[in-house]
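A.B. asks: Got a structure for you, questions after.
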Amino acid sequence: RKFVIANARVENCAIIFCNDGFCHLCGYSRAEIMQKPCTCNFLYGPDTKRLAIAQMAQALLGSEERKVEINLYRKDGRRTKILGFVLEGITEFIFAKKQQCGTALDLMAGIG
């Protein structure tokens, strides 16, 4: 599992928790990630598509379920293609590498 939890009641939906898997995925420490926007814009780079960014933001702000394939960048500049999942009614934002998609979907079914 690689995820962040954000507070939807504050501006920018600030990240209030991230697990070790997410820190390892992006190369940032927990302290560096805390209070960043849950859109994870600090992970955007040259190959991050505007459409994917818009879909993630729309799902987060509109509280709708969405699965988005998006290119994000680690702290060291390496690109990683992931699937981002936004779940309706909860503040958990799960990232999984593309080949782990089935596992992430199974995890989502158990959340709530």
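The values are calculated or read from the model by the stated rules, or taken from the named source; none is laboratory data. Please read all numbers here as calculations on a predicted model, not as lab measurements. With ideal geometry, Cβ positions are generated from the backbone for all residues, glycine too; neighbour counts draw on all protein chains shown. The area values use the complete protein model at the heavy-atom level, side chains included, leaving out ligands, DNA and RNA. Shrake-Rupley method; radii C 1.70, N 1.55, O 1.52, S 1.80 Å.
A.B. asks: Please enumerate the residues belonging to the range 1-41 that are in a helix (DSSP H, G or I) and exposed (fewer than 15 other Cβ atoms within 10 Å of the Cβ).
C.D. replies: 11, 12, 20, 21, 24, 30, 31, 32, 41
A.B. asks: Write out, first by first residue and then by second, each pair whose Cβ atoms fall under 8 Å of each other, whose residues are 6+ apart or on separate chains, and whose first residue, in the range 63-81, is under 9 Å from residue 52 (Cβ atoms) while the second is modelled with pLDDT of 85 or more and open to solvent by less than 30 Å² (accessible area, probe 1.4 Å).
C.D. replies: Short answer, once both residue conditions are applied: 68/52; 69/52; 70/48; 70/52; 71/45; 71/48; 71/52.
A.B. asks: Another question, if that's okay. More than 19 Å from residue 13 (Cβ to Cβ) and at pLDDT 50 or above: does that describe residue 69?
C.D. replies: Criteria met by residue 69.
A.B. asks: Can you work out which of the residues in the range 42-68 that are under 13 Å from residue 82 (Cα atoms) and assigned to a loop (DSSP other than H, G, I, E, B) is most open to solvent (accessible area, probe 1.4 Å)?
C.D. replies: 49
A.B. asks: When the residues of the range 75-96 are filtered to those that are open to solvent by less than 50 Å² (accessible area, probe 1.4 Å) and modelled with pLDDT of 80 or more, which remaining residue is farthest from residue 20 (Cα to Cα)?
C.D. replies: 77
A.B. asks: Has the range 20-30 got at least one residue that is among the hydroxyl-bearing types (Ser, Thr, Tyr) and over 14 Å from residue 2 (Cα atoms)? Spell out how you get there, then give the answer.
C.D. replies: Let us first name the residues in the range 20-30 that are among the hydroxyl-bearing types (Ser, Thr, Tyr), namely 28-29.
Imposing the further condition that a residue be over 14 Å from residue 2 (Cα atoms) reduces the set to none.
Checked the range 20-30: no residue is among the hydroxyl-bearing types (Ser, Thr, Tyr) and over 14 Å from residue 2 (Cα atoms).
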